[in-house]
Amino acid sequence: MSSIEKFEYVFLGGGKGGKSLAMELARNGKRVAVVEQGMIGGSCINIACIPSKALIRSARIAHTVRSQKILEGHADARLDMKQVHRFVREVVDGMVEVNQKAFDASGFDLILGTGRFVAPRRIEVTLNDGGVRMVEGEHAFINTGTYAAVPDVPGLRQADPMTHVEALALDRLPDHLVVIGGGYIGLEMAQAFRRLGSEVTLVQEAPRVAMREDQDVTDAIEAAFAEEGVDVRTHVKPLRVTGQSGQTVSIELSDGSTVNGTHILVAAGRVPRTYDIGLDAAGVEVDARGFIKTDERLATSAPNTWAIGEVAGTPMFTHASFDDYRVLKSQLAGGHVTTKDRLIPYALFIEPELGRVGLNESEAKQKGIEVRVAKLPMAAVPRARTNGDVKGFMKAIVDAHSDQILGFTMLGQNAGDVVTAVQMAMIGKLPYTAVRDLIIAHPLISEGLNLLFAKLP
Ligand SMILES: Cc1cc2nc3c(=O)[nH]c(=O)nc-3n(C[C@H](O)[C@H](O)[C@H](O)COP(=O)(O)OP(=O)(O)OC[C@H]3O[C@@H](n4cnc5c(N)ncnc54)[C@H](O)[C@@H]3O)c2cc1C
């Protein structure tokens, strides 16, 4: 048996929050080890946010050239998927390199291999290049993330469907991609591949896509997708799959119809990576869905053992995992920052872009909160007009009695960035009138905020 190497802090998995905390501790002279299966920088950089946004950028260029009709020969322009693939790889490789340099500079011990707990805070690592190491920390952190679920549909697994991992590595365009799942990942990938030139069918079991959003938002998304030729089928379940993804596939749906395609991409939920990492030996409990149980300090059921990011049930965004780092940095220093009541915004990188912070109209109604609602079509925003892109709207939810902004949703250009301005106002507890009367440079998309809040009774 290999001898036990002692550290002050050990990390299983190097996701966003974990790597950030590990670097910080190491820079402060602590003895830190990070056990990572091989994705330097975690999944965001290697197989998720970064490659998907690089792919979406290429898809946007292709769409713009085709739709704006200002270049001669635009209709004959052909996509070079090998170049798209090369760009995605370059972006990913560049960010991996930046991360590797930052890891090296911080001085933590990066152990490349697959780890599992064999005792509280003790991890056995099967090294990628052979051999085993045993590391133990005074504190242990679990940041192993999630992976794509493959729904239990007869024939689906045998069809060898793609997940985001394989789809983002394609260097040949699918002729006809069938996306299973109409959540954020499914929507981004469906529109990107359609814009690159694939036929795309999106199958969503729920009655609407992006079910967390208000109906007017999802109606607008579905209309925009239909206009671009994405065949969105909602309220239908795949019942049986035949064929092989990458060749030909056939999917029987619960409404009696059949979709024929060449590739399948599953984007139907995420599974926490907790089943094979020795959590029993670590004394760490999981909930009914397999996520690690934590309190609002991110402490698990085992002493000095903490969980970070998606595996801890943190909302599935990189910036949320990063905020877990802030919580733990405070907790380790005896501070009081927790996950309670944190305001986590998000963006969905389709067009029109979706940005959201705080409550939407349906959530306010469910909670029985009396609100005033303001809505402004993007066509009323001068910059949206000069950009030739007037799809979507802004929508604000304001407390009926106090003038406090409770939430903001936007569908339109730069929505994710505009959300940040409203988020600042919400955190600063500014009344909506402060945003209404803010002097905003003309013509910016965020100028729409003046117009939006002026509409409130
Ligand atoms: C296609 C896609 C697009 C996305 N786009 C966005 C976006 O635009 N914006 C956004 O905010 N979020 C996005 N997300 C979500 C985002 O990627 C995650 O929320 C984010 O990466 C945080 O992950 P994490 O910190 O929980 O762990 P991860 O980054 O997933 O890290 C977990 C790490 O643990 C390692 N690991 C697992 N098990 C072991 C083991 N036994 N031994 C050693 N190492 C192990 C893995 O190799 C991995 O590096 C996207 C996700 C997907 C799938």
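Please treat every number below as a calculation from the coordinates, not as lab data. Here the structure is a predicted model, which means the values were calculated and not measured. Ideal geometry is used to build each Cβ from the backbone, glycine not excepted, and the neighbour counts take in all protein chains shown.
Side notes on the structure shown:
- Ratio Rg/Rh [Cα only; Rh per Kirkwood] for segment 21-152: 1.15
- Assuming charge only on the beta carbon of Lys and Arg (+1) and of Asp and Glu (-1), the dipole of segment 299-416 about its Cα centre is about 180 debye to the nearest 20.
- Counted residue by residue at 0.36 nm each, then reduced by the alpha carbon distance between them, the extension gain from K340 to A379 reaches 10.3 nm.
- Note: relative contact order over the chain, using C-alpha pairs below 8 Å and six or more positions apart, is 13 percent.
- Convex hull volume per residue in cubic angstrom - Cα atoms of segment 168-270: 94 Å³
- Spin-label pair I4-S254: with each label point 7 Å from Cα along the Cα-Cβ axis, the two points sit 5.1 nm from one another.
- Kirkwood radius and radius of gyration were both taken over the C-alpha atoms of the chain, and their ratio Rg/Rh is 0.99.
- Computed from the alpha carbon positions, the gyration tensor of segment 84-170 leads to an equivalent ellipsoid with semi-axes of 30, 23, 12 Å, biggest first.
- Value of [θ]222 nm, deg cm²/dmol, for the chain, DSSP H segments ≥ 4, -39500 (n - 2.57) each, nearest 500: -9500 deg cm²/dmol
- Cross-link partners of K69 among lysines, defined as those whose alpha carbon lies under 26 angstrom from its own and excluding same-chain residues fewer than eight positions apart: K53, K82, K391.
- Scattering profile of segment 386-457 at q = 0.13, 0.23 Å⁻¹ [log10 I(q)/I(0), Debye over alpha-carbon scatterers]: -0.34, -1.06
- Spacing of the modelled spin labels on T433 and A169, each 7 Å from Cα toward Cβ, amounts to 5.8 nm.
- Given charges at Cβ of Lys, Arg, Asp, Glu: the chain dipole, positive-most of I277, L253, G309: G309
- Stretching the chain fully between V390 and D129 yields a gain of 88.6 nm (0.36 nm per residue, less the alpha carbon separation).
- With the charge dipole of segment 31-177 set up from +1 on Lys and Arg Cβ and -1 on Asp and Glu Cβ about the Cα centre, the Cα lying farthest toward the positive end among the listed residues P51, F141, G131 is that of P51.
- Spread of Cα-to-Cα distances over 10 Å intervals beginning at zero, given as percent, for segment 102-244: 9, 29, 23, 18, 19, 3
- Theoretical gain in end-to-end length, T242 to V98 [0.36 nm per residue, Cα-Cα removed]: 47.5 nm
- Cut-off 20 Å, label 7 Å out along Cα→Cβ of K82, residues of segment 60-74 by amide N: 62
- Here the residues S43, S3, S301, ranked from fewest to most Cβ neighbours within 10 Å of their Cβ, fall in the order S3, S301, S43.
- Extending 7 Å from the Cα toward the beta-carbon at both K69 and R289 defines two label points whose distance is 4.6 nm.
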